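Novice: Dumping the structure here so I can ask a few things about it.
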């Protein structure tokens, strides 16, 4: 049986109500959240049973095609456990939109609204929007002019958006539709640059957010998660090294994403408290409040007592837990009902807020840091590593999310998936070890990465599979840069097909185009190469963006760039203006000021794709 286009649009919206982070597949955590919201959750075994029922290819996730099989079964009158969940989900809380019925969670909408209110209440540019009513769809309506999301992006990751590039209200006059649209383009491009997946989300969906609540809440959830988890890493908290278990090395911690580090941290304190319980999730394992009570008492015994454990009623326990957390000044938009129901998102937010306020870990001594090999230069979170990591995550490859470039690429599998995306069909998957559980299999994959890199004419002198498996940072950065460069120039060639007529785009093409474009606009700046020191003042990029769209640059904000402060201001402004035009870029202002040629190339290439 085939589906009509209208039916497919409707089923996509149903799928999106499960796929809350918009990464095009449903995970067990997302299914757990749906079951919690529906009041159908029984156990983790129930979740795994439902996953197995639908996950025909045993990938560990549910893809849209597998989801459609459930829809088809319902149409044919075939009963299944997942079909019952799907039917109940459609009936939850629904809003009629252009593409069908959309479900969303009232509890999460309320929590996210309160989170925005807490962190934006003093921002003068959003006083027409806050406080947001936590009930109903006010949050989804409040994102319409783009200002709210832009401001919160800067809360999540400081200085991502230069406010000078943002269209703001003047004299309390609402923005025009055109100005709102510009803001939304800036929001979406900036969100991508910090690791937010924005599949199926465009400016129109945010302009009319109340018609697409599932999409708005999907991007809002990711921003809230980034805000609360962004600092939970070994670079910002080297004392997390204390979470290493017997037989583990530093790399075992570096592989863990922030939510898994949080669980490890939670259990570390439970163990130190002499408590037998351990938590493996942010849902069923915390809903009786016992673990929370012990955690808070362990990290702040003088402030948080154990009185909740004397209560048999779960709601009373949860209320005491939240009262204790407030004494620590923990800011988390969670209610007792959210703990009791085991809402995984809101409990993750709560746990992260506790960690950020009071991690309860003794600082490492210099001797301990040296012994652990955790010196600043060894953390690996360089600007290049960050840029390449964010770029890979922005590609929306199923089951690929990079938490640490060096750790996550050392089995070759991620790199092969990226290569197959940038050059479709280049990977013969029969030659790939899909479960590289030992070094031999990892080396086999990484050797294949090198072979394919040479096919793509990358410069890979003196590099072998062992170098990737051994996490040689310099060589991994060099390889991934060439993958990113290949993809970037290929994308330019596709967008500007008439200009290049099948030619391979080179650095020289980009430089010549940029200089000609600036000159045609009557500007006098120019560059000789991507290493040209004159790039550092940022003026050339502002001239180039002016040449693309003259009205986009406000000359009042352009400085001569005669010192580091002025140069940095120009660089920040140029990056946000480029994103306002729709460019997806991953460099930071410092990359311009310090003239990092690799990142400069990607910036010029991204601007070139904007030319009409």
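No value in this document is a laboratory result; all are computed from the given coordinates. Keep in mind that this is a model prediction, so the values were computed, not measured. Methodologically, a virtual Cβ is constructed for each residue, glycine included, from the backbone with ideal geometry; neighbour enumeration extends over all protein chains shown.
Novice: Can you tell me the orientation of helix 81-90 relative to the chain, as the angle in degrees between its alpha-carbon axis and the longest Cα principal axis, to the nearest 10?
Specialist: Helix 81-90 and the main axis of the chain meet at about 70 degrees.
Novice: Something else: Which value in nm describes the separation of the simple spin-label points at residue 7 and residue 329, placed 7 Å from the Cα toward the beta carbon?
Specialist: Here the modelled spin labels are 5.8 nm apart.
Novice: Rounded to a whole number, what is D in µm²/s for segment 506-608 from Stokes-Einstein with the Kirkwood radius over alpha-carbon pairs (25 °C, 0.890 mPa s)?
Specialist: In µm²/s, the coefficient rounds to 186.
Novice: Taking a ≥ b ≥ c as the square roots of the Cα gyration tensor eigenvalues, with a/c under 1.5 meaning rounded and otherwise prolate when a/b beats b/c, else oblate, which class fits segment 397-474?
Specialist: In terms of gyration-tensor shape, rounded.
Novice: Now for a separate question. For Cα pairs less than 8 Å apart in space and 6+ apart in sequence, what is the mean separation divided by the residue count of the chain, i.e. the relative contact order in percent?
Specialist: Across the chain, relative contact order equals 11 percent.
Novice: Same structure, new question: Expressed as a fraction of 2.2 N^0.38 Å, the rule-of-thumb size for a compact globular protein of N residues, what is the C-alpha radius of gyration of segment 440-513?
Specialist: 1.33
Novice: Provide Rg and Dmax in Å for the chain, with only Cα atoms included in the calculation.
Specialist: Here Rg and the maximum Cα pair distance are 25.3, 77 Å.
Novice: Regarding segment 108-219, what's the average projected area of the Cα-atom convex hull, expressed in nm²?
Specialist: Average projection, Cα convex hull of segment 108-219: 6.4 nm².
Novice: What three numbers, in Å, describe the spread of the alpha carbons of segment 468-565 along their principal axes, ordered from the longest?
Specialist: 51, 39, 23
Novice: Same structure again: Is it possible to state the helix-based mean residue ellipticity at 222 nm for the chain, with each DSSP H run of 4+ residues giving -39500 (n - 2.57), the sum divided by total residues, to the nearest 500 deg cm²/dmol? What is it?
Specialist: Helices in the chain give a 222 nm mean residue ellipticity of -16500 deg cm²/dmol.
Novice: With each label point set 7 Å from Cα along the Cα-Cβ vector, what nm distance links residue 43 and residue 56?
Specialist: So the label points at residue 43 and residue 56 sit 2.9 nm apart.
Novice: On to the next question. Normalised by the number of residues in segment 384-528, what is the relative contact order in percent for Cα pairs under 8 Å and 6+ residues apart?
Specialist: 18
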